[in-house]
Amino acid sequence: MCTRVNRRDDSTNTVVRINLSRCIKEEEIGLALIHVEGLSKQFEYYKKELGLRNSIKNLYHRERLIKDAVCNINFDIEEGEFVGFLGPNGAGKTTTLKMLSGILYPTAGKAEVMGYVPWERKKEFKKQFSIVMGQKNQLWWDLPAHDSFYLNKCIYELEDKAYQETLDELVDLLDVKDLLGVQVRRLSLGERMKMELIAALIHRPKVILLDEPTIGLDIISQKKIREFLKIYNKEKKATILLTSHYMNDIEDLCRRVVIINQGKLAYDGDLSHVNDLFSQSKIVKLNFEEVVAEKALTKFGTMKSYEGLSVTLEMDKQNLKEKLKQILEVLPIVDFTIEDIPVEEGIAYLYQKKEGMPDEEAK
Amino acid sequence: MKKQNKYIETVKIGIQSSMAYRMNFFLSLLSTAFPIFIQFFLWRAVFEHATSETVYGYTFPQMLTYAVLSAITTKLVSTGFEYEIVGDIKDGGLNKFIVRPIGYFPYRASCFLGEKIMQLIIMLVVTIGAIMGIHYIWGLIIVPIRVVLFIVTILLAVYMNFLIFYAISAVGFWLTEVAALFECARILAIIVSGGIFPTDIFGDKICKILNVLPFKYTTQYPVDLLNNRLSYSEIGQGMLIQIVWIILLMLIAQSIWRIGMKKYVAVGG
């Protein structure tokens, strides 16, 4: 077995890479399509305090600091999965995606995508995956999108027939036929994003990394792109890792989510079970015949909203039954519902936590 | 066959984008005319007060011929992708080249070639017009073989200048604000390549240094060739130096970029 090398400078780079490629050969069988193990990335930066004096001080003395952007992350993604990759701003999502696409070298750890080490940047690897960054454009600004697609065809060395088929299909799915000849800089944000997606998928990648593909789009465009991604994932059996700040995207597309916070893995599992991790309570909504005093209710749980006849309570899961029984007996109930805490709240809770959970717990 | 295809396509894209900004090109062409006027008055003043017929070995008509031809040549070999490259480095535009099966250097080179093709054709027509005009006004003797050699050396010079500025653009890996630096580099390169006046005026010592540096071979050398100031053996020698420098510059540019890319992938786009 291979040993992990903690690399601090670039000169030992090659050593690490040799080790890694040996690892692949040993473990090639039975690997997930995307396999991430102990992946870490540190950035160096310089500290500068406020003010002119510190600016001058910085000229001759700079304090060097190290930031752990990604810290010892592990996860596996199987073929055909559509996984949401979540975390607050600066959690390390983009850094992780950049490492998975080979743009960045990790400081430590390993990753394999389709059996390739991304940062070795093998041509065969590049031809089978794609990364879309919502905030960066990959199209040629001065040219119509169609020209960019054609250039991509040449870059990926696609056969004429396969290219035309894929293009027709994608153009049809995203409904942009009339816009193909328009200079990209004249397209709206939503239209451009659709073109970005076509450009990224023209070579039918098996693995797609999507970094905020719906950022800044209106609700209808978001929905269209979502529908498109859903169909693409299903029909092409493509494996997709998606980051987005729109919960709609995630709830609609991903059954499984990987959540990171401050560079550490905070959760990996079903979206619907996010709350089970920490939440010991349920949301109970009550409707009354006549107004009930607030005081009479707070002994059952925490008051979430109080609007006279309808009341929302957050109640402990333990002895929920007993308490509900009491409520039904004592209070003039017309109707009631029991719900889980919305998944957004669970995710927000994970975002706010100062320290990510230890790995064992997250698993 | 297939593999070349992507770079041929890039050349086409370069041509297309140069057409998109043709107005800009014609205006810049016009702007090269102004320095020639300044030079005319400057050299007239110099020659009026000169004690001999020649200044630095040039007669007044020869000097003016030099001024016109060097201004055109400077325009011919000029680059303009430096800011684009730095933009790519700064804003993560390089990412799309890292994740795709296409190299950045060949991409830039073919894009530059595409952008240059139209310019080269137009500028060569302008050059031929100019030497005809100079022939009638100041009596420049046109030697057809030299015109052909001029075109060959210009192509080499264009490639040399591409390499020089491709290497310089790599400073974008280390510095974020590069405008001043590029402006300095550009002006300095024009001066030491003889783009404003012949490098002969710097005196023997500096001339000897400039003779082994690449810059002179991007401008003064082709101009002197056309201007009948070089013997054929000197022309051959110059072309050899051009080729040697192209090889050296390729190696230099490549290693600078390799170091820069290492830094880039360490900190990310």
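No lab work stands behind these numbers, since they all come straight from the coordinates. Source: prediction; values computed, not measured. Ideal geometry is used to build each Cβ from the backbone, glycine not excepted, and the neighbour counts take in all protein chains shown.
Ignoring everything except DSSP H segments at least 4 long, calculate the 222 nm mean residue ellipticity for chain A; use -39,500 (n - 2.57) per segment, divide by total residues, nearest 500.
That comes out to -10500 deg cm²/dmol.
Compute, for the protein assembly as shown, the length of the dipole vector about the Cα centre, with Cβ point charges of +1 (Lys, Arg) and -1 (Asp, Glu) only. Units Debye, rounded to 20.
It comes to approximately 2020 debye.
Which one of A:Pro332, A:Gln280, A:Leu241 has its Cα pushed farthest toward the positive end of the charge dipole of chain A, where Lys and Arg give +1 and Asp and Glu give -1 at the Cβ?
A:Leu241
Tell me which residues come under 5 Å, amide H to amide H, from A:Ile341 once H is placed; ignore anything under 5 positions away on its chain.
A:Ile283
Looking at the protein assembly as shown only, what percent of DSSP beta bridges run antiparallel? Nearest 5 please. Mind showing how you got there, number by number?
Details: 43 of 60 bridges.
The antiparallel proportion sits near 70 percent.
Which ³J(HN,Hα) values, rounded to whole Hz and listed in residue order, are derived for segment A:176-182 from phi using the Karplus coefficients 6.51, -1.76 and 1.60 in 6.51 cos²θ - 1.76 cosθ + 1.60 with θ = phi - 60°, glycine and proline given as x?
After applying 6.51 cos²θ - 1.76 cosθ + 1.60, I find 10, 3, 6, 9, 4, x, 8 Hz.
Give me a comma-separated list of calculated 3J(HN,Hα) values for segment B:30-45, in order, Karplus coefficients 6.51, -1.76, 1.60 applied at θ = phi - 60°, integers in Hz, x for any Gly or Pro.
Those phi angles translate into 4, 5, 6, 5, 5, x, 5, 4, 4, 4, 4, 5, 4, 5, 4, 4 Hz.
Determine by what factor the alpha-carbon radius of gyration of segment B:1-91 differs from 2.2 N^0.38 Å, reporting the quotient.
Rounded to two decimals, the normalised Rg is 1.65.
Starting from the Kirkwood Rh over alpha-carbon pairs, what translational D in µm² s⁻¹ does segment A:280-339 have by Stokes-Einstein at 37 °C and 0.692 mPa s?
291 µm²/s
Quote the Stokes-Einstein diffusion coefficient, in whole µm² s⁻¹, for segment A:223-363, based on the Kirkwood radius over alpha carbon pairs, a temperature of 20 °C and a viscosity of 1.002 mPa s. Kindly include the intermediate steps, with their values, before the conclusion.
Working: Rh = 17.7 Å.
For these conditions, the coefficient is 121 µm²/s.
What is the mean number of Cβ atoms from other protein chains located within 10 Å of the Cβ atom of each residue in peptide A:135-145, rounded to a whole number? Could the numbers behind the result be given before it?
Numbers: counts 2, 6, 3, 6, 1, 5, 1, 6, 4, 1, 0.
Counting Cβ atoms of other protein chains within 10 Å of each residue's Cβ and averaging gives 3.
Run the simple label-point estimate for B:Ser17 and A:Glu314 please: 7 Å along Cα→C-beta, distance reported in nm.
5.3 nm
Give the separation of the Cα centroids, segment A:83-104 to segment B:62-138, in Å.
Value for the Cα centre distance between the two parts: 39 Å.
So how do B:191-197, A:73-79, B:48-54, A:334-340 stack up, highest first, on mean other-Cβ count within 10 Å? Intermediate results must be reported in sequence, preceding the final value.
Details: B:191-197: 22.0, A:73-79: 17.7, B:48-54: 8.6, A:334-340: 12.0.
For the peptides B:191-197, A:73-79, B:48-54, A:334-340, the packing ranking is B:191-197, A:73-79, A:334-340, B:48-54.
Using +1 at the C-beta of Lys and Arg and -1 at the C-beta of Asp and Glu, which of B:Pro35, B:Leu120, B:Cys184 has the Cα lying farthest in the positive direction of the dipole of segment B:2-267?
B:Leu120
Note down the relative contact order for chain A as a percent, whole number, built from C-alpha pairs under 8 angstrom at least six residues apart.
About 17 percent, as a whole number.
Mind checking the angle between helix A:320-330 and chain A's longest principal axis? C-alpha axes, 0 to 90 degrees, to the nearest 10.
Between the helix axis and the principal axis of chain A, the angle is about 40 degrees.
Between A:Gly301, A:Gly109, A:Gly346, which gets the highest mean-square fluctuation from a Gaussian network model of chain A, Cα cutoff 10 Å?
Taking springs between Cα atoms under 10 Å, the residue moving most is A:Gly301.
Work out how far the C-alpha atoms of chain B reach from end to end along every principal axis, then list the three figures in whole Å, largest first.
Principal extents (Cα only, largest first): 63, 36, 35 Å.
Pick from A:Lys57, A:Lys122, A:Lys136 the residue whose mean-square fluctuation is largest in a GNM of chain A, springs joining Cα atoms under 10 Å.
Top of the fluctuation ranking is A:Lys57.
Just to confirm the number: angle between the C-alpha axis of helix A:145-155 and the first principal axis of chain A, 0 to 90 degrees, nearest 10?
Result, in degrees: 60.
Once the cut-off is 41 Å, how many percent of the Cα-Cα pairs in the protein assembly as shown end up in the long-distance tail?
Above the 41 Å cut-off, the protein assembly as shown has 45 percent of its Cα pairs.
Which residues' amide hydrogens lie under 5 Å from the amide hydrogen of A:Leu86, considering only partners 5 or more residues apart or on another chain, with H built in the peptide plane?
When sequence neighbours closer than 5 places are left aside, the close amide H contacts are A:Val258, A:Ile259, A:Ile260.
Once you average over the residues of B:99-109, how many Cβ atoms of partner chains fall within 10 Å of each Cβ?
Mean number of neighbouring Cβ atoms from other chains: 4.
Where the centre of each part is set by its Cα atoms, how far does segment B:235-256 sit from segment A:201-221, in angstrom?
Rounded to whole Å, the Cα centres lie 45 Å apart.
Run a plain Debye calculation on chain A (Cα atoms as equal point scatterers, no solvent) and give log10 I(q)/I(0) at q = 0.07, 0.12 Å⁻¹, rounded to two decimals, same order as the q list.
Result of the Debye calculation: -0.43, -0.99.
How far is helix B:104-138 tilted off the main Cα axis of chain B, in degrees rounded to 10, range 0 to 90?
10 degrees
Can you list the HN-Hα couplings for segment B:154-164, worked out from phi with the Karplus curve (6.51, -1.76, 1.60; θ = phi - 60°), rounded to whole Hz and with x for Gly and Pro?
Values per residue, Gly and Pro as x: 5, 4, 5, 5, 4, 5, 4, 5, 4, 5, 4 Hz.
Over chain B, with a Gaussian network built from C-alpha contacts below 10 Å, which listed residue (B:Ile247, B:Ile72, B:Ile235) shows the highest mean-square fluctuation?
Sorting by GNM fluctuation, first place goes to B:Ile247.
Restricting to Cα pairs below 8 Å that are 6+ residues apart, what does the relative contact order work out to for segment B:67-186? Please round to a whole percent. If you can, show how the numbers build up before the last one.
Numbers: 54 pairs, mean separation 60.3, N = 120.
Relative contact order of segment B:67-186: 50 percent.
For segment A:172-286, give me the percentage of DSSP beta bridges that are antiparallel, rounded to the nearest 5 percent.
55 percent
At a threshold of 8 angstrom on Cα-Cα distance, excluding pairs fewer than six apart, so keeping six or more, what relative contact order does chain B reach in percent?
After rounding, I find 28 percent.
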